[in-house]
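K.L.:
One structure follows; several queries about it will come next.
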Ligand code: SF4
């Protein structure tokens, strides 16, 4: 077997193991109706030639299909950059498993997020009960300082109203009335993970400061680092440079510690986002 508990391989090295090479070759042969090898080789050689180059340069329109993930993934990443914050995704469970595994695979760190686990009945009658029960469980089980709520396609298609649902959950005692539950609607069928990140950060800022008078902290800059898969290195380097320049700053969101916990055998569900200020 190419994998064992002692030897976990990531996608690329795993699929280069002999067992996978053979399996992929057989799949291609039996199910993909492949062109003859000679034709593929000829086409590859043609694509290196002058004629093909000229054809490419003569193009007048170009369609780029960018790598996009869905909005709630960005919301989960954003929430990870706030102190002791648990992401609560209102919608289907499988979507949330995808965000957790995606972030875990990328950062090689555990990534926590809970789901209201909506199923068929919630899709028909609305997910209020799921959200009330889910918030109560999250508050009781995971001891967060804040729960950041976002949505999957399913909750958005049926039009669940997060603000109303969270108020209901508070009045039913799922979480204390003063407990912070910021939210962002993150319909995954528009925009991308980048929009989801922005919406969640905006939701958190509005939760704490909407309607409050503006104050000017002289000489201090606020930094929103954005959806950055390299936040562990980039945020710390930015902080180092700002410190060297003597600049006073606040990182509004910073997931660099959350996704770089020490390998000392202790699991940290929450880490960091407290030292992002100088
Ligand atoms: S696109 Fe929709 S269904 Fe797919 S993972 Fe995202 S929220 Fe879930």
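K.L.:
Mind listing whichever residues of the stretch 209-225 are over 17 Å from residue 272 (Cα atoms) and either assigned to a strand (DSSP E or B) or at pLDDT 95 or above (or both)? I'd like the intermediate steps shown before the answer.
P.N.:
Step one: list which residues in the stretch 209-225 are over 17 Å from residue 272 (Cα atoms), which gives 209-222.
Correct list: 220, 221, 222.
K.L.:
Follow-up question, since we're still on this one. Checking the conditions here, which among 179, 107, 125 is over 23 Å from residue 199 (Cα atoms) and out of contact with any helix residue (DSSP H, G or I) (no Cβ under 6 Å at 6 or more places or on another chain)?
P.N.:
On the way: 179 fails: over 23 Å from residue 199 (Cα atoms); 107 fails: over 23 Å from residue 199 (Cα atoms).
After applying the criteria, what remains is 125.
K.L.:
Report the residue count in the stretch 222-231 for those that are over 22 Å from residue 180 (Cα atoms) and out of contact with any helix residue (DSSP H, G or I) (no Cβ under 8 Å at 6 or more places or on another chain).
P.N.:
Result for the stretch 222-231: 2.
Yes/no matrix, rows are residues, columns are (1) within 15 Å of the ligand (Cβ to nearest atom); (2) modelled with pLDDT of 95 or more; (3) assigned by TED's automatic domain parsing to the domain that holds residue 175; (4) surrounded by 12 or more Cβ atoms within 10 Å (Cβ to Cβ):
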| site | (1), (2), (3), (4) |
| --- | --- |
| 45 | no, yes, no, no |
| 49 | no, yes, no, no |
| 66 | no, no, no, no |
| 76 | yes, yes, yes, yes |
| 90 | yes, yes, yes, yes |
| 96 | yes, yes, yes, yes |
| 115 | yes, yes, yes, yes |
| 123 | yes, no, yes, yes |
| 140 | no, yes, yes, no |
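K.L.:
Also, I was wondering about something else. Taking the stated definitions as given, is residue 135 away from the ligand (no atom under 16 Å from the Cβ) and either closer than 16 Å to residue 197 by Cα or in the same structural domain as residue 201 (by TED's automatic domain parsing) (or both)?
P.N.:
Numbers: away from the ligand (no atom under 16 Å from the Cβ): yes; either closer than 16 Å to residue 197 by Cα or in the same structural domain as residue 201 (by TED's automatic domain parsing) (or both): yes.
Criteria met by residue 135.
K.L.:
A further question on this structure: Need the failing condition index for residue 104 against (1) within 20 Å of residue 253 (Cα to Cα); (2) touching a residue at least 12 places away in the same chain (Cβ under 8 Å); (3) within 16 Å of the ligand (Cβ to nearest atom), just the number.
P.N.:
Among (1) within 20 Å of residue 253 (Cα to Cα); (2) touching a residue at least 12 places away in the same chain (Cβ under 8 Å); (3) within 16 Å of the ligand (Cβ to nearest atom), residue 104 violates only (2).
K.L.:
Has the stretch 232-253 got any residue that is touching a helix residue (DSSP H, G or I) at 6+ places or on another chain (Cβ under 6 Å), in a loop (DSSP other than H, G, I, E, B) and either farther than 14 Å from residue 75 by Cβ or more than 16 Å from the ligand (Cβ to nearest atom) (or both)?
P.N.:
So in the stretch 232-253, the residues touching a helix residue (DSSP H, G or I) at 6+ places or on another chain (Cβ under 6 Å) come out as 249, 253.
Within this subset, residues satisfying the condition of being in a loop (DSSP other than H, G, I, E, B) are 253.
If we keep only those that are either farther than 14 Å from residue 75 by Cβ or more than 16 Å from the ligand (Cβ to nearest atom) (or both) as well, we get 253.
For the stretch 232-253, residues touching a helix residue (DSSP H, G or I) at 6+ places or on another chain (Cβ under 6 Å), in a loop (DSSP other than H, G, I, E, B) and either farther than 14 Å from residue 75 by Cβ or more than 16 Å from the ligand (Cβ to nearest atom) (or both): present.
The values are calculated or read from the model by the stated rules, or taken from the named source; none is laboratory data. None of the values given here were measured: they were computed from a predicted structure. Here Cβ is always computed from backbone atoms with ideal geometry, including for glycine, and neighbour counts include all displayed protein chains.
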